[in-house]
Every structure is written in C-alpha cells, then in structure tokens.
Amino acid sequence: MVAANLQRSLTSSATHAVVVAAGANSQSDAAERTLTALIDTAHMLNDRVDRHQREVVDLASGQAAVRAAVAENNVLGNVWVDALDEAAHHPVSTAADLRLKLAFMLENQMGDGRDWLETISKDVTRIVEARA
C-alpha cells in the first residue's frame with residue numbers, strides 16, 4: 001500500500017513538472033521545453049533513487065526493514081524507468097530536439113536491449129516533413 005501511494009505521488013509530481021514546463025509561447029518552444037522537462041524529471045528521479053539507496057536501503061537493519069526499503073526503492077526505480085521511457089517516446093520535430101533526446105538516451109544506456117528504431121524513425125520523418 002505504501003509503495004502504491006509512493007508511486008502515485010511520484011508520478012503526479014513528474015507530470016506536474018512537465019505541465020508547468022510546457023507553458024511556452026509557440027508549439028516548438030512547448031515541445032522543446034516539454035522534452036527538457038521530461039529529461040530534468042528523469043534526472044531528478046534518478047537522484048532520488050540513488051539517495052534512497054544510500055540513506056534508506058543501505059542503512060536498513062533487520063530483514064523486515066531491508067525488505068520494506070528495497071520494495072520502496074523498487075517503486076522509485078520503476079517511476080524513474082517510466083520517466084526515461086516517457087522522454088524517449090516524446091515526439092520531436094527539430095534536429096536539435098532529436099540530438100537532445102539521443103544524447104539523453106545514450107547517457108542512460110537506453111539502447112541496451114531495446115529497439116528504438118520506430119520511435120526515432122517517426123522523429124526523423126517529422127523533422128524531414130517540417131523542412132520540406
């Protein structure tokens with residue numbers, strides 16, 4: 001129950017950050033800011049997982065406490081992975097945004113075991129069509 005509430009709370013916070021960041025004047029600015037906000041949120045969630053590992057999991061004592069701490073950390077990790085995927089699946093329509101997205105994906109080793117060709121192909125198509 002605690003894990004489910006934690007995941008809902010984190011997902012709500014991440015969504016709020018994206019909505020706030022998307023308040024831009026033009027559609028292109030909104031898309032860029034939204035991608036940036038998604039990436040920033042993923043970084044923040046990664047930091048939260050790392051901090052929880054150091055401050056809670058690594059310091060837990062007793063089998064029940066360790067199990068609870070690991071379960072919480074798994075929830076935090078799942079929310080972080082969802083944020084990674086959300087950024088990677090975010091549609092972009094400029095070369096700069098695609099460069100930003102690919103750098104983020106490489107930084108997070110998102111090509112390992114995942115086929116992103118369809119997602120990236122759609123981005124490239126949008127970029128080519130916008131330039132035509």
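Test R67 against the criterion of being surrounded by 14 or more Cβ atoms within 10 Å (Cβ to Cβ), without any contact (Cβ under 8 Å) to a residue 40 or more places away in the chain and among the charged types (D, E, K, R), and give yes or no. Before the answer, list the steps.
Details: surrounded by 14 or more Cβ atoms within 10 Å (Cβ to Cβ): no; without any contact (Cβ under 8 Å) to a residue 40 or more places away in the chain: yes; among the charged types (D, E, K, R): yes.
So R67 does not fit the description; no.
Quick one: which helices (runs of 4 or more DSSP H) sit completely within the stretch 59-132 and have at least 2 residues that are farther than 24 Å from M44 by Cα? If you could, list the steps in order and put the result at the bottom.
On the way: elements: 63-89, 95-107, 117-131.
Ranges flagged: 63-89, 117-131.
Looking at the stretch 85-101, which of its residues are closer than 9 Å to L35 by Cα and over 13 Å from the mean Cα position of the chain (by Cα)?
Passing the criteria: P91, V92, D97, L100.
Looking at (1) hydrophobic (A, V, I, L, M, F, W, C); (2) at pLDDT below 95; (3) more than 12 Å from the chain's Cα centre (by Cα); (4) surrounded by 15 or more Cβ atoms within 10 Å (Cβ to Cβ), find the lone condition where M1 falls short.
Here M1 meets the rest and fails (4).
Quick check on the stretch 9-16. Is at least one of its residues at pLDDT 95 or above and in a helix (DSSP H, G or I)?
Applying the first criterion (at pLDDT 95 or above) to the stretch 9-16 yields none.
No, that holds for no residue.
Within the stretch 45-58, can you find the residues that are closer than 30 Å to L102 by Cα and either touching a residue at least 24 places away in the same chain (Cβ under 8 Å) or not in a helix (DSSP H, G or I) (or both)? Give the derivation first.
Of the residues in the stretch 45-58, the ones closer than 30 Å to L102 by Cα are 45-54.
Within the stretch 45-58, L45, N46, R48, V49, H52 qualify.
Looking only at residues that are in contact with a helix residue (DSSP H, G or I) (Cβ under 8 Å, 6 or more places away or on another chain) and of a type in the set (A, V, I, L, M) in the stretch 114-132, which one is surrounded by the fewest Cβ atoms within 10 Å (Cβ to Cβ)?
Within the stretch 114-132, the subset in contact with a helix residue (DSSP H, G or I) (Cβ under 8 Å, 6 or more places away or on another chain) is 116, 119-120, 123-124, 127.
From what is left, the residues that are of a type in the set (A, V, I, L, M) are 120, 124, 127.
Values: I120: 16, V124: 12, I127: 17.
Ranking the candidates gives V124 first.
Which ones in the stretch 72-113 are surrounded by 14 or more Cβ atoms within 10 Å (Cβ to Cβ), touching a residue at least 60 places away in the same chain (Cβ under 8 Å) and aliphatic (A, V, I, L, M)?
Within the stretch 72-113, V75, L76, V79, A83, V92, L100 qualify.
The values are calculated or read from the model by the stated rules, or taken from the named source; none is laboratory data. These numbers were taken from a predicted model, which means no experiment stands behind them. Please note: Cβ atoms are built from the backbone with ideal geometry, for glycine as well, and neighbour counts cover all protein chains shown.
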